[in-house]
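Values quoted throughout were computed directly from the atomic coordinates according to the rules given, and no laboratory measurement underlies them. Values in this document were obtained by computation on a predicted structure and should not be read as measured data. In this analysis, Cβ positions are derived from the backbone assuming ideal geometry, glycine residues included, and neighbour counts consider all displayed protein chains.
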Amino acid sequence: ELKDLMKQTKSDIGDDITSLGCLLNRRGDHEQAMNYYLQLLSEPSTEQLDRARCYYGLGGAATALGQYDQALEYHSKELEIHKKRSNRTNIALTHMVMGQIYWKKGDLDIALAYEEKAYPILRLFADPQLSNVHLTMGNIYRGKNEPKLAIQHYKKALELDQQQLPAHHENFGIIYTNMGLAYSRNQEPKKALHYCLKAKEILLKSLPPTNSKISEIEGYIRRIREQIEQNRKF
């Protein structure tokens, strides 16, 4: 299991001094990941790009722990470094992540503004993370109770990832989960169940069993099955 996680981590971000923190985050060991990143930041020899990666990892860990304001602080520090380096792609990627956090906070209009900042740059450079912008936009529109528009963005995210990722990558599990939730909100529970079951299959293959996404998808499946049962009574 650990070997598979290390292989996936190297595939996604490479093999550098921050890779262990990424691995810990993937395993759900977010507090350990934060301690590791903070240790790297305390070392004067840590280069600026690695510092940016540390702030990115800290933001990811804080987000997973529900510490959204703290996460935004970390990503703001990451953003400062990228702006000093004038790296447009990394600036756009940080905007994308900050939009995701604002979505989690329920600040949907701010979230959408950040995603719209990120979109043209990532599209210009055909960045593989463009699919995640569509995913977050889908989440935002689902939050705005516009499930049909959300589904359009999820389908675009799916189309992009199918061109660049292996069939059982975690991203597909996340996209299918959100498609299921959008179809549920659009009062199409059978389609919702179909996509959530696909999501569970992929997440079980791509994540360790302790990852919170596994328990989340199981909860969604239970609720959608209850929705189907309720519809049968009428």
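General remarks:
- In degrees, nearest ten, helix 30-41 long axis to first principal axis of the chain (Cα): 20
- Using only the C-alpha atoms, the convex hull of the range 10-130 corresponds to 99 Å³ per residue.
- The slack in the chain from SER42 to HIS194, taken as 0.36 nm per residue of separation less the alpha-carbon distance, amounts to 50.0 nm.
- Charge tally in the Cβ shell below 13 Å around GLU78, where Lys, Arg are +1 and Asp, Glu are -1, GLU78 excluded: +3
- Note on the range 53-95: semi-axes of the ellipsoid equivalent to its C-alpha gyration tensor, largest first and rounded to whole Å, are 20, 8, 8.
- Using just its DSSP H runs of length 4 or more, each adding -39500 (n - 2.57), the chain gives a mean residue ellipticity at 222 nm of -26500 deg cm²/dmol after division by all residues.
- All other residues whose Cβ lies under 15 angstrom from that of ALA126 are scored, Lys and Arg at +1 and Asp and Glu at -1, for a net of 0.
- Taking packing as the residue-averaged number of other Cβ atoms within 10 angstrom, the listed peptides 71-77, 52-58, 126-132 run from highest to lowest as 52-58, 71-77, 126-132.
- Between GLU73 and SER215, the modelled label-to-label distance comes to 2.6 nm, taking each label 7 Å out from Cα in the direction of the beta carbon.
- Alpha carbon centroid spacing (whole Å) that separates the range 15-33 from the range 140-191: 27
- Rounded to the nearest Hz, the phi-derived 3J(HN,Hα) couplings of the range 203-208 under the Karplus curve 6.51 cos²θ - 1.76 cosθ + 1.60 (θ = phi - 60°) are 5, 5, 7, 9, 10, x, where x marks glycine and proline.
- The range 157-234: C-alpha gyration tensor shape, a/c 1.5 cut-off, then a/b vs b/c: oblate
- Spacing of the two label points (7 Å from each Cα toward its C-beta) at LYS144 and ASP109, in nm: 1.1
- Pairwise centroid distance, computed over Cα atoms, of the range 91-130 with the range 192-217, Å: 25
- Whole-percent pair-distance distribution, where bins are 5 Å wide, for the alpha carbons of the chain: 1, 7, 12, 16, 20, 18, 13, 6, 3, 2, 1, 0, 0, 0
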